[in-house]
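What follows is a short report on a single structure.
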Amino acid sequence: FVDLNQFYYNPHTRTQVPLIVIAASIWPPKNTLGFIEALRILALKDVVFKVRWYGYSEANEEYFKLAQAKIDEYQLSEYIELLPKTKHIQEVYRQSDYFCLPSFYEGVPNVIAEAMSTGRPILCSNVCDNPRYVIEGVNGYLFDPNNPEDMAEQILKGLSVSDQVYSQMCQESRKRAEEMLSMDTFINKYIEIIEG
């Protein structure tokens with residue numbers, strides 16, 4: 001479950017340069033290099049956006065260097081920043097316009113649950129449990145993490161929605177979080193299992 005009071009929702013107006021946030025380790029399972037390939041496609045189409053990826057740690061220094069070198073090679077530094085992990089993730093979610101998670105696999109993705117609770121549309125891989133939380137065109141878009149072209153296409157769909165649709169998607173993320181991720185829902189489902 002998610003603490004819906006800690007990860008609270010407040011109505012949000014999308015910024016002129018939409019900010020996409022990722023909170024995940026910068027290492028192969030989270031698909032940083034594939035995501036950078038997708039960003040290159042978007043940049044070549046002159047799509048306006050900014051990405052802040054919070055997840056650097058010294059444990060994955062070599063992969064981080066590969067990712068940074070790819071950003072430099074593609075001249076994407078104005079589009080994406082690779083940042084250290086943060087202890088202020090609630091504020092990061094609230095500052096964002098979208099949340100993204102391009103992983104090759106996930107369990108129950110805590111960061112998606114938290115970002116939904118703060119009312120952010122989700123752009124993520126169509127893997128494992130993600131489609132349970134993200135409904136295509138309702139509160140986000142799903143993509144194939146092995147296909148940078150599809151990743152770019154679905155991210156562009158999210159960025160291209162009207163302000164009205166964007167606002168609806170924010171509300172839908174929060175609504176789904178309240179229905180699926182509240183403490184009461186969590187406890188009641190455990191009681192059902194125990195009593196069943």
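The values are calculated or read from the model by the stated rules, or taken from the named source; none is laboratory data. It should be emphasised that the depicted structure is a prediction, and the values quoted were computed from it without experimental measurement. So basically every Cβ, Gly included, is an ideal-geometry build from the backbone, and we count neighbours across all protein chains shown. Accessible surface is based on the protein model in full, side chains and every heavy atom, while ligands, DNA and RNA are left aside. Shrake-Rupley method; radii C 1.70, N 1.55, O 1.52, S 1.80 Å.
In the range 10-51 the Cα-Cα distances spread across 5 Å bins starting at 0 as 5, 18, 22, 22, 16, 11, 5 percent of all pairs. Pairing the Cα long axis of helix 148-160 with the longest principal axis of the chain, what angle in degrees results, from 0 to 90 and rounded to the nearest 10? The helix 148-160 is inclined about 70 degrees to the chain. Which pairs, out of Lys30/Lys87; Lys30/Lys65; Lys50/Lys175; Lys87/Lys189, put more than 22 Å between their alpha-carbon atoms? Over 22 Å Cα-Cα: Lys50/Lys175; Lys87/Lys189. Karplus-derived 3J(HN,Hα) values for the range 64-77, using 6.51 cos²θ - 1.76 cosθ + 1.60 with θ = phi - 60°, are 4, 4, 4, 5, 5, 4, 5, 4, 5, 4, 8, 6, 10, 4 Hz; glycine and proline are entered as x. Please find, in a Gaussian network model of the chain (springs between Cα atoms separated by less than 10 Å), the residue of Leu181, Leu44, Leu83 whose mean-square fluctuation is greatest. Taking springs between Cα atoms under 10 Å, the residue moving most is Leu44. Among the GluC sites (Glu not before Pro) found in the range 43-87, those both in a DSSP coil and sparsely packed, with 13 or fewer other Cβ atoms within 10 Å of their Cβ, are Glu78.
Beyond 24 Å, what share of the Cα-Cα pairs of the chain remains, rounded to the nearest whole percent? Value for the chain (Cα pairs over 24 Å): 37 percent.
The long axis of helix 32-44 is offset from the longest Cα principal axis of the chain by roughly 70 degrees. For the range 49-99, the list of trypsin sites (Lys or Arg not before Pro) that fall in a loop by DSSP and count at most 12 other C-beta atoms within 10 angstrom reads Lys87.
If you bin all the Cα-Cα distances of the range 71-144 at 10 Å, starting from zero, the percentages per bin are 18, 45, 32, 5. Evaluating 6.51 cos²θ - 1.76 cosθ + 1.60 at θ = phi - 60° for every residue in the range 135-143, the Karplus couplings come out as 9, 3, x, 9, 10, x, 9, 10, 9 Hz, glycine and proline recorded as x. Mind checking the angle between helix 183-195 and the chain's longest principal axis? C-alpha axes, 0 to 90 degrees, to the nearest 10. Helix 183-195 sits at roughly 60 degrees to that axis.
Entry comment: accessible area of the range 39-196 is 51 Å² per residue, from protein heavy atoms only and a probe of 1.4 Å.
Ordering of 125-131, 34-40 by packing is 34-40, 125-131, highest average first (other Cβ atoms within 10 Å, averaged per residue).
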